1. Are there trypsin sites (Lys or Arg not before Pro) in the range 1-71 that DSSP puts in a loop and that have at most 14 other Cβ atoms within 10 Å, and which ones?
2. What are the residues whose amide H is under 5 Å from the amide H of PHE80, where those residues sit 5 or more places off or on another chain and H is modelled from the backbone?
3. For GLN14, list long-range residues whose amide hydrogen, built 1.01 Å from N in the peptide plane, is under 5 Å from its own amide hydrogen.
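Please treat every number below as a calculation from the coordinates, not as lab data. All figures in this text were calculated on a predicted structure; none of them were measured in a lab. Positions of Cβ are generated from backbone atoms using ideal geometry, with glycine treated the same way; all protein chains shown enter the neighbour counts.
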Amino acid sequence: MVVLQAGPRTDIRQSATTDRQALRRALDACAVTDGPARIGEAFRMAESLVRDVADAEIHLFSDGRIPDADQARPNPKDSFVFYKVGSDKSPNLGIV
């Protein structure tokens, strides 16, 4: 698994690993930003990382308020799973 954080820029929080402790540390190290999430950029980076991986899956955790959603189209060959967190009707809040 790889952990990416989409914000004003996309950061690799954990490169490919099967180490669950390292993945958990990477998730714990993610911090809320007050800038826009550039989901299109994050998808392009995720797809470049899994280009040669059979049965790759891309998972997105978001409230759905995605300003560049038109650029956030996963490659049809990749499995895409969206997890809605919070509401797209309320102001953005940080999860701490």
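1. Here the sparse-neighbourhood loop sites are ARG9, ARG51.
2. ILE58
3. Close amide H contacts, sequence-distant or interchain: VAL3.
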